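Just below is one structure, and these are the notes that go with it.
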Amino acid sequence: MKFLLNHLHKHKGLFMPGGKLAWLYPLYEAQESFLFTPPDTTQSAPHVRDGVDLKRVMITVIIALIPVVLFTFYNTGRQFNIVNQIPDATALDHWTQGLAIVMPVILVSYIVGGLIEVLFAIIRKHEINEGFLVTGLLFPISLPPTIPLWQVALGVAFGVIIGKEIFGGTGFNVLNPALVGRGFLFFSFPTRFSGDVYNVVLDIDNVIDGYTGATPLTLAASVPQGESVIEALTEAGFTWSTMFLGLMGGSMAETSALASLVGGVILLVTGVGAWRIMAGGVIGLTVAVTSMNLLPADSFIPFTQLPIYYHLVMGTFVWSIIFMATDPVSSAATLRGKWIYGILIGVMVAVIRVANPAFTGGVLLSILFGNVMAPMIDHFVLKAHIRKRQVYIQSRNSRYAKS
Amino acid sequence: MHYISLAVETIFINNIVLAYFLGMCSFLACSKKVETATGLGLAVICVLGLTAPFNWAVHNFFLREGALAWTGVSALAELDLSFLNLICFIAVIASTVQLVEMILDRFFPRLYTSLGIFLPLITVNCSILGGSLFMVERTYTFPETLVYGFSAGTGFALAIISLSAVRKKIRYSRIPAGLQGLGMTMILTGLMSMAFMAFAGIDL
């Protein structure tokens, strides 16, 4: 490592102001702070002496995402092998197959998004930020495995430029860039995000007859009056445990609640993910779904009667509330605001799922909506707090005046 | 139940700013501070809630085809004055705003001063006229118009207050020189309406 550091420092002059390659300074800085701790110190007070910086926070998120990504490789390959009727595929075959499908998507996202980030860093003279490592991974695995690579490139470009860079880079943005890209793709190419696309079919002739592509949510929303949603789901092969483990089709990262929970525990233990947001989301969904369960069964669609423990493992809820909603930049910043923000998302998820026939899986859109509302929530939480303090101080002052 | 779903639909799904892009001028211009935006939002709720029912009455008792049948004169009953809709609506809106202003000034001076210039300004806000025109186009009944007016105003208030809070946040952002101010606000409006698209298609 000493050798690397010496090498970096030997060439540092080239990149400093006045050097030949000064315009490439962000690239140099990125290497140095990625490999080592940057030697910069604060020039004036306040001096925060804490080992936790943006780099460490973002790397923690990446570590928390590892179980999800590993499971994604396995499950995508498994779905491919099932749909294409490759009978004697072993677990290792699933892995390699999944790797071949998922890896290009992730790579395209990292390369295109990374290039844009570097370009903006050089032109606008800001540092290359580790935040992109998270965006560039969250975005591709929120897509269905059949997404064409050019759409991945388009989505990540839109997300990074419009969602982040025009605001000035990481920390200045209002919306989660991964969600902006995802939302943009979702509304531009809606057919890519519904029905059969979740099954990786490369060779159309070999598909099993009657292999339906409906996801549990689409299925649940279309159960006819008078029938039980749970029965319909079980009949189609979606039991509670299948959905919890995630051995089924769907957007790449969303299927397994278990893998996401492992990542969630890492985020919670390290304190990187805001537990208030996650708890708020679960509470919001629980309250909304439970009150829907109380509606008269015969005048509303059967989906309203589905119990909460099914809602929790269905679709992309667990993954999104753990990794997408807790983005520290775009979520609410005040503590009480985090509760409100989480609950808002949870309630909206339930409403969109049950009441919106256009897109049943609205978790990511709910979080985008939450992002838009977060500054307003913060503003009013702060206002209420200020008012409370004013009342307190006034009453205290009058007490002192008396005594 | 019907009225609740109409209200939800108007506030979120058919948000008058973010789905129809009406009232853009004041939406973009008066969203720099949250306090101003709140004032304008309240004023729009107030005026839309009043003018939509007034215009409903004007339309249904005077201008609509056959609206004058209540006079009992057959020549009048055949008249179709709906070509006067636009000009009458504008007149009604302008006079209502004047009236509201006087009433507020007399009885609620605090609210009057906090709304300030926005009350007269929204006379020419297109979302107000839009609200009345939608009321005609969708043939709302009177109670529906009441609900519609208030919830369209609420939708406007929600949109402008959240935009102003977002703009307060991006005051610290490093926005390129060419995009500062209105340019960024327009991009934000686009992103916001993308987020509001989450509701598009909800069938209540």
Query - Per residue accessible area in Å² of region B:111-180, where ligands, DNA and RNA are left out and the probe is 1.4 Å - result: 42
Requested in this report: Please give the helix B:182-196 orientation as an angle from the longest Cα principal axis of chain B, in degrees from 0 to 90, rounded to the nearest 10.
Outcome: 70
**Report entry** Centre separation in Å (Cα based) which lies between region A:116-177 and region A:370-403
**Finding:** 37
**Report entry** Cβ neighbours within 10 Å from other chains - mean over A:164-176
**Finding:** 4
Report summary line: Site residue A:100, offset 7 angstrom along Cα→Cβ, radius 18 Å on amide nitrogen, limited to region A:132-158, gives A:145-149
Report summary line: Taking a label point 7 Å from the Cα of residue B:57 along Cα-to-Cβ, the residues of region B:86-100 whose backbone nitrogen sits under 13 Å from it are B:92-93, B:96
Query raised in the report: How much of the accessible area of the protein assembly as shown, in percent, comes from carbon and sulfur atoms when a 1.4 Å probe is used?
Result: 68
Report summary line: Reduced to Cα centres, the span from region A:84-108 to region A:292-334 in Å works out to 30
Query raised in the report: At residue A:49 and residue A:300, where each label point lies 7 Å from the Cα along Cα→Cβ, what is the point-to-point distance in nanometres?
Result: 5.7
Query raised in the report: What total accessible surface area, summed over both chains, is buried at the interface between chains A and B, computed with a 1.4 Å probe and given in Å² to the nearest 100?
Result: 2900
**Report entry** A:385, A:126, reordered so the largest accessible area comes first (probe 1.4 Å)
**Finding:** A:385, A:126
Report task. List the residues of region B:175-195 whose accessible area drops by at least 50 Å² when all protein chains are present, compared with their chain alone, using a 1.4 Å probe and counting only protein heavy atoms. Result -> B:191, B:194, B:195
Query raised in the report: For chain A, what D do you get in µm² per second when you plug the Kirkwood radius from alpha-carbon pairs into Stokes-Einstein at 37 °C and 0.692 mPa s?
Result: 142
Query - Using alpha carbons only: equivalent-ellipsoid semi-axes of region A:15-141, gyration tensor based, whole Å - result: 39, 18, 10
Requested in this report: Tell me the label-point distance for the pair residue A:191, residue B:71, using the 7 Å Cα-to-Cβ offset, in nm and rounded to one decimal.
Outcome: 5.7
Query raised in the report: Per residue, how much accessible area does region A:263-403 have with a 1.4 Å probe, in Å²?
Result: 43
Report summary line: Over region A:263-403, the quotient of the Cα radius of gyration and 2.2 N^0.38 Å is 1.30
Report summary line: Measure of exposure for residue B:117: accessible area at 1.4 Å probe, Å² rounded to 10, is 110
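The values are calculated or read from the model by the stated rules, or taken from the named source; none is laboratory data. The shown structure was predicted, so the numbers you read here are calculated from the model rather than taken from an experiment. All Cβ positions, even for glycine, are placed from backbone atoms using ideal geometry, and neighbour counts span all protein chains on display. Heads up: the accessible areas ignore ligands, DNA and RNA and are worked out on the full protein's heavy atoms, side chains in. Shrake-Rupley method; radii C 1.70, N 1.55, O 1.52, S 1.80 Å.
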